[in-house]
Structure formats: C-alpha cells, structure tokens
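Please read the structure below before turning to the comments.
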Amino acid sequence: MISIILTGHGSFAEGLYSAAKLITGQTDALLCVTFPESDSTEDLREKLKAAIDAAEGEVLVLADMMGGSPFKESVLLRAALPERKIEVVAGASVPMVISALLGRDGESLNSLIPHLLEGAKFAIRQYVPAAAVTAPDDGDEGI
C-alpha cells in the first residue's frame, strides 16, 4: 500500500486534497500537511513526522515546489527515517494527485513515480484555439 502526503506553503495541500476528493471520491490514502505563515520549520517538521507515522505502507510525499521548506523538511525526514520507504516529489498538481491515487494499488513507489513524472509533463499545456470554422459562401446570404 502507498500512502500519499500532500504538503506545501499555506493551504496548498488542503486545496489539492479537496480537489482530489471532489474528482475521485478517494481520500483514504491521503494525508494533508499545511504550512501556514504562523508555523516555523520545526512545526512543519513535527506535522510531517506525525503524518509519516500515521501513514500505512510506503509513503509518497507530494510537495508544492522544489527547494521550499515543505520539500526540504520532507527530504530531511526521508533521510532520518531509513526504515520507512519514503519518496519525495516536488511540483504537485491536481492531475499528479489523481494519478497517484488511481495508480497506487498494486504498485510500488519505484514503479509509480516515473508514471507520475511523465503524466505531469503531459498535463502542462497551453490552450490554443482551433482555427475558426466558416461556412462556405453559397450566395444565398444565409437563407
């Protein structure tokens, strides 16, 4: 089993959790760790540690951005807890969380993460409108 911890600055993780619940209806494997402005990095570390302790099986931490405190503290806990299988991925998004939720059953972290990374690249797109479709002018002025 893979448990998923969502974390990020402010209430980012709560937003991901809410969206994932709305879209998939699944939250049994999701844990949410917020990092409000009032928290110190020590507070964040304690909350992340509590989430890891509560998580079942392997642990996937999805953080908002590489280099931020939620990411760094997760990486430090990964190193401090070698007895747990913990992987940390930055750049969390709604499509990534949904893919992790739907793809985690029967998978190991080592096999799930490459799919998440590839899917995240695919999910980033710019909207480009299709060329306007016009009806041929048949001379009847639309009548």
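The values are calculated or read from the model by the stated rules, or taken from the named source; none is laboratory data. Quantities reported herein were computed from a predicted structural model and do not represent experimental measurements. Glycine also receives a Cβ, built like all others from the backbone with ideal geometry; neighbour counts cover every protein chain displayed.
Restricting attention to the stretch 1-41, which residues are basic (Lys, Arg) and touching a Pro at 6+ places or on another chain (Cβ under 6 Å)? Selection gives nothing.
Suppose we filter the stretch 110-133 for residues that are among the polar types (S, T, N, Q) and either under 16 Å from ILE4 (Cβ atoms) or within 13 Å of the chain's Cα centre (by Cα) (or both); how many remain?
Step one: of the stretch 110-133, the residues among the polar types (S, T, N, Q) are 110-111, 126.
Checking the rest, the ones that are also either under 16 Å from ILE4 (Cβ atoms) or within 13 Å of the chain's Cα centre (by Cα) (or both) come to 110-111.
Going through the stretch 110-133 one residue at a time, the tally reaches 2.
Against the list (1) more than 16 Å from the chain's Cα centre (by Cα); (2) modelled with pLDDT of 95 or more, the condition MET1 fails is (2).
Note on the stretch 68-94: among residues that are without any contact (Cβ under 8 Å) to a residue 12 or more places away in the chain and in a loop (DSSP other than H, G, I, E, B), the one that is surrounded by the most Cβ atoms within 10 Å (Cβ to Cβ) is PRO82. Checked against (1) exposed (fewer than 10 other Cβ atoms within 10 Å of the Cβ); (2) at pLDDT 95 or above, VAL97 meets all criteria but (1). Considering ASP43, ASP53, ASP64, the condition of being in contact with a helix residue (DSSP H, G or I) (Cβ under 9 Å, 6 or more places away or on another chain), among the charged types (D, E, K, R) and modelled with pLDDT of 95 or more is satisfied by ASP64 alone.
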